[in-house]
Amino acid sequence: MTDTNLDIAALLLDLSEAYRPSPKFWGYKNASRSIRRHPEFLADLTDREILKIPGVGPASLRVVREYLDTGASPTVERVTAANARRSRRAGHCGGTFCPQQWCRRCSPSQSEAP
């Protein structure tokens, strides 16, 4: 059995990385941390109770609701896919948590290797 809170927190963290360095980055990152640490399963809470969790707002609630209803979040998939396309156009692989200077796929020395 998986912990839905951890799954949702991971989705919100992925979403935060897509918005780096805008203020949305911190909002989603804070929501992720709060959900990860929340003692109750979100599936057992109402929307109103979820919104009372510090750092969780309507946009984060949408991701929570999508995951609880379908097991995935089209919002996160759409935003992270768009971010990956922008990164690839800029010469970066678009991997999550992948700083270009440390990425094996993006590093010029790795691409020159046989």
Would a scan of segment 14-23 turn up a residue that is among the small types (Gly, Ala, Ser), crowded, with 17+ Cβ neighbours inside 10 Å and modelled with pLDDT under 95? yes
Give just the number: which of (1) modelled with pLDDT of 95 or more; (2) hydroxyl-bearing (Ser, Thr, Tyr); (3) exposed (fewer than 11 other Cβ atoms within 10 Å of the Cβ) does SER109 not satisfy? (1)
For segment 26-46, name all the residues that are surrounded by 14 or more Cβ atoms within 10 Å (Cβ to Cβ) and either of a type in the set (S, T, N, Q) or farther than 13 Å from ASN5 by Cβ (or both). TRP26, GLY27, TYR28, LYS29, ASN30, SER32, SER34
Go through segment 38-73 and count every residue that is farther than 19 Å from ASP14 by Cα and hydroxyl-bearing (Ser, Thr, Tyr). 1
Within segment 2-11, is even one residue within 16 Å of ALA82 (Cα to Cα) and not polar (S, T, N, Q)? yes
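The values are calculated or read from the model by the stated rules, or taken from the named source; none is laboratory data. These numbers come from a predicted model, not from an experiment. Glycine gets a Cβ as well: all are built from the backbone with ideal geometry, and neighbour counts include every protein chain shown.
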